Amino acid sequence: MDKKRAPLKRKLIGYIIFLLIIANIGLGIPSYLLAREELEKKGQVILSNAVHMAINEIEIMALNVEAGAITLEDAQERVKSTLIGPETADGKRLLNTPIDLGDNGYFLAYNDQGYEVMHPTIEGDYVYDVVTPDSKQKLIVQEQLRIGRTGGFFDYNWYYPNKDEIGRKLSYAKYEPNWGWTIVATAYASDFNESAIRITTLMAGIFILTVIFAFIFTNNYINQLLQPIFSIIDSMKLLNVNKMIKAKEPSQNDELLDLVTGYNLMLESLEHNMNSLKNREKELKKLAYIDELSGLPNMNIMDQYVERQIRKNNFSAYFVLIDIKELKTINSMYGLSFGDDVIRSVSKNLQEHMPSKGSFITRLTGNEFALWIPSIEEKTLLKWIETTSDYWNQAFYTKRFEVHVDFTISYVEINEEDQSFESILQKANISLQYAKTRELDTVRYTPEIFQEFEHESVLKLHAEKGLNKNEFYPVYQEKVDIHTDKVHGVEALARWHSDKLGHVSPGEFIPIFNKTKLILDLTEKMIDYVLFDYEKLMSKYQPDVTVSINISPLFFMSEHFVSYILEKAAEYKVPTHCIILEITEDVLMDNLELVNKKVNALRQAGFKISLDDFGSGYSSLSYLQKIALDEVKIDKSLIDDIVTDDSAQRMLHSIVEVIQNWGYKSVAEGVETLEQVQIVKNAGCNLIQGYYYSKPEKLI
Ligand code: C2E
Ligand code: CA
Ligand code: CA
């Protein structure tokens, strides 16, 4: 729960006023009481003196009566006139007291029977039983008669004359034996102590003035005293709105000065810390948006920029990705700083030679630059790509290392369906990937590329599951000896029947697998199946029938391939000389030295090595001399043409000749007709693998 706020200033003033009140009451009340008591005492003296004077008067009169100088009645009337004034026509007296008994004081006298023998208004009345009009009900007359015997004071409450109010009265009574009167002088206490009340009222007035002065004075003084604290509070309030204003130092030198100085010091160090934090934040922001190496904006900025263009419906633009080929290789061969030079130089060149006004250039990732190029024709863009690539090639060629730097470039024509940076980047990335796998320099994004990408993704997804569910299995195609027509060996070929996709041909899935680790899993599976099947193959054909297994480049180049295949052969007890490992030319393009080492080790262990698909792609006869082989398979694409194309036939002849020169066996692949069989035979081929003899089949 929140405590009610009580400001310090109010508390201090309250406290001081409280002290003042206590002090004043402490002084005022006793002095009032004291003054009243003294005044009343004085009053009593007056009253008793008055009564003694009256008795004196009576005694003198009594002597005169005794002497016969005056009658008793006259004497008594004289006394009454002297004491309370002569009798008027209505029987009352004027209250001309010879002694000041206050405004309403007077003399009176009772006889012992309780009658008023002297009274300003009710002379002759019987008052013996009169009581006070308050709750005490004192028998006034009887008391006064009693006290009067010896003379004494008596106070009681009685009405003020002509008023309904009751006031305290003081009286002195004394019995006078000559006439048997009890003389009483009575007066209201207030008549005597009025000055006490006046003094008290004055004191109260002075007191109120003191309080007012005290209030004003304390207020000012406290304001001044608390000023440093208020100043700190103000400064703290400003701190809330991020303003650092120091508190004002007080002129006095006391603990408050220490407080303000301390606070200001704290503020200074806070400001210092905040400033360094702000600088750090600025730097971080810069890092988050600016690529340090190239000084170009980074992906975050490109993202925001493209989103803004989309929101503004600026669709007339191309989004271009430029990828420095083999930057990793460049880094590892020539050093990171050279790689950095390349990036810097490309960045600089891009900035200096923008394809069109308003082009936005960023460094997207390590070796990728992204450009948003507005209002440009595709022709102009392609021309720019061509000249820029040429420039870069040259620029680096003249460097210390004479490095040839190449680029892969993809571009997307933006249209209204492009509603996010993410989707545009995806298109550009897919196209870039497409270009890389096909070794193209520049690729424009098309929906077909996207479909292919999607298809590949779906295939990969199902392949992974399919491998675990054993959806893959081998079929075998025979390799026939051209002279004896006998089956010399078989080639194992993978088949995939997918639960979800149905039958998928190896022509479709193998190239996709080859780009990923999926090919490793598949090859392992195939090796197991084939070696397991070997016994059956022996019983189907002959004991030393050979079995060919396709080994993908990735699998072949994997670190433990040689030991792996050796262990497997041993595990299934298949003689190594019956296993032919089919490798392709792409392997030779890798690290030839390592390939040779592996090939030699494998051949040493008894395995046979076959070079697959010879005559397709980049095939060069020179490959044949680079490694030691056992067999070369002439690609179906060459065989296809030998019936109709003489030059193909001549080529076949020379290829077979070279193969034989090296002492390798030659296999003609994809032979479908008798005519082809004849030509292949004439060319001197050793073996034929083709539909003419047999199709790949499941082993039963
Ligand atoms: P490849 O290694 O060149 O295999 C020969 C391909 O030619 C096989 O296609 C075979 O069915 C086909 N073929 C053989 N004779 C004829 C013919 O007379 N006419 C026609 N039209 N085709 C013929 P397949 O089985 O579709 O395999 C295609 C390619 O897939 C293979 O070419 C091979 O590169 C790859 N492949 C198949 N299985 C595996 C495997 O287990 N591992 C690896 N790494 N690759 C495999
Ligand atoms: Ca093959
Ligand atoms: Ca082949």
(message) Suppose a student asked you for the relative contact order of segment 96-154, using Cα pairs under 8 Å spaced at least 6 residues apart; what percent would you report?
(response) 19 percent
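List the chymotrypsin sites (Phe, Trp or Tyr not before Pro) within segment 446-549 that DSSP assigns to loop and that have no more than 15 neighbouring Cβ atoms inside 10 Å.
Values: sites: F450, F453, F472, Y476, W496, F509, F513, Y529, F532, Y534, Y541; in loops: Y541.
In loop regions of segment 446-549 (DSSP not H, G, I, E or B), there are no sparsely surrounded chymotrypsin sites (Phe, Trp or Tyr not before Pro).
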(request) For the chain, find the longest principal axis of its Cα atoms and tell me its angle to the long axis of helix 674-683, 0 to 90°, nearest 10. (result) 80 degrees
(request) Assign one of three labels to segment 220-346, namely rounded, prolate or oblate, based on the Cα gyration tensor with a ≥ b ≥ c the square roots of its eigenvalues; rounded applies when a/c is under 1.5, prolate when it is not and a/b is larger than b/c, and oblate otherwise. (result) oblate
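Given a Förster distance of 25 angstrom, what is the FRET efficiency for M244 paired with Y305, based on the Cβ-Cβ distance and rounded to 0.05?
Details: r = 36 Å, r/R0 = 1.45.
Efficiency, rounded to the nearest 0.05: 0.10.
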(message) Taking each pair of distinct Cα atoms in segment 507-583 once, what is the resulting Kirkwood hydrodynamic radius in Å?
(response) 13.1 Å
(message) Please list, short to long, the whole-number percent of alpha-carbon pairs of segment 384-461 in consecutive 10 angstrom bins beginning at zero.
(response) 17, 38, 27, 14, 4
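State, as an integer percentage, the relative contact order of the chain based on alpha-carbon contacts under 8 Å between residues 6 or more apart.
Values: 998 pairs, mean separation 46.1, N = 700.
Reported as a whole number, the value is 7 percent.
So what is the diffusion coefficient of segment 538-677 in µm² per second by Stokes-Einstein at 25 °C and 0.890 mPa s, using a Kirkwood Rh over Cα pairs? Mind dumping the intermediate values first?
Values: Rh = 16.1 Å.
The estimated diffusion coefficient comes to 153 µm²/s.
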(message) Using 10 Å bins from zero, what percent of all Cα-Cα pairs in segment 292-382 falls into each bin?
(response) 16, 45, 29, 9, 1
(request) Order the peptides 105-115, 598-608 from the highest to the lowest mean number of other Cβ atoms within 10 Å of their residues. (result) 105-115, 598-608
(request) Provide the three semi-axes, in whole Å and in decreasing order, of the ellipsoid equivalent to segment 438-561 as defined by the square roots of 5 times the Cα gyration tensor eigenvalues. (result) 32, 17, 15
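Between K436 and D340, what's the calculated FRET efficiency when r is the beta-carbon distance and R0 is 22 Å? Round to 0.05. If you can, show how the numbers build up before the last one.
Numbers: r = 23 Å, r/R0 = 1.03.
For K436 and D340, the calculated efficiency is 0.45.
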(request) Using only Cα atoms, locate the centre of segment 586-608 and the centre of segment 157-174, then give the distance between them in Å, rounded to an integer. (result) 143 Å
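Please report, to one decimal in angstroms, the Kirkwood hydrodynamic radius of the chain built from all distinct Cα-Cα pairs.
Numbers: mean 1/r = 0.0254 Å⁻¹.
By the Kirkwood definition, the hydrodynamic radius is 39.4 Å.
Once you charge only the Cβ atoms, +1 for Lys and Arg and -1 for Asp and Glu, what is the size of the charge dipole of segment 357-459 about its Cα centre, to the nearest 20 debye?
Values: 10 positive and 18 negative charges, 120 e Å.
About 580 debye.
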(request) For K237, go through the aspartates and glutamates and keep the ones whose alpha-carbon is under 19 Å away, minus same-chain ones fewer than eight residues off. (result) E249, E268, E271
(message) Rg/Rh for segment 338-388 to two decimals, with Rh computed the Kirkwood way over all alpha-carbon pairs.
(response) 0.98
(request) May I ask for the angle, rounded to the nearest 10°, between helix 72-84 and the longest principal axis of the chain, with both axes built from Cα atoms and the value confined to 0 to 90°? (result) 30 degrees
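Based on the alpha carbons, how large is the Rg to Rh ratio for segment 6-58 when Rh follows Kirkwood? It would help to have the intermediate numbers written out before the result.
Details: Rg = 22.6 Å, Rh = 14.6 Å.
Result for segment 6-58 is an Rg/Rh of 1.55.
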(request) Please give the calculated 222 nm ellipticity per residue for the chain, where each DSSP H segment of at least 4 residues contributes -39500 (n - 2.57) and the sum is spread over every residue; nearest 500 deg cm²/dmol? (result) -17500 deg cm²/dmol
(request) Apply the Kirkwood formula to segment 442-493: the hydrodynamic radius equals the inverse of the mean of 1/r over all pairs of different alpha-carbon atoms; give it in Å with one decimal. (result) 14.7 Å
(request) Mind pulling the angle between the C-alpha long axis of helix 518-540 and the longest principal axis of the chain? Nearest 10 degrees, somewhere in 0 to 90. (result) 40 degrees
(message) Give the separation of the Cα centroids, segment 369-397 to segment 245-272, in Å.
(response) 63 Å
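Averaging sequence separations of C-alpha pairs under 8 Å and six or more residues apart, then dividing by the length of segment 100-193, give the relative contact order as a whole percent. Walk me through the numbers before you get to the answer.
Working: 199 pairs, mean separation 27.9, N = 94.
Once normalised by length, the contact order is 30 percent.
Need one number: % antiparallel among DSSP beta bridges in the chain, to the nearest 5.
On the way: 62 of 87 bridges.
For the chain, the DSSP antiparallel bridge percentage is about 70.
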(request) In Å³ and rounded to a whole number, note down the convex hull volume per residue for the Cα atoms of segment 335-429. (result) 99 Å³
(message) Suppose we keep just the alpha-carbon trace of segment 185-256; what are its Rg and Dmax in angstrom?
(response) 24.8, 85
(message) Applying a 10 Å radius around every beta-carbon, put 298-309, 29-40 in order of their mean neighbour count, most first.
(response) 298-309, 29-40
(request) Apply the Karplus parameterisation 6.51 cos²θ - 1.76 cosθ + 1.60, with θ equal to phi minus 60°, to every residue of segment 488-495 and state each ³J(HN,Hα) to the nearest whole Hz, in sequence, with x for glycine and proline. (result) 8, x, 10, 10, 7, 10, 7, 10
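Here, each number is a calculation from the coordinates, and none is a lab measurement. Worth saying up front: this structure is predicted, and the values here are computed from it rather than measured. Every residue, glycine as well, gets a Cβ built from its backbone with ideal geometry; the counts of neighbours run over all protein chains shown.
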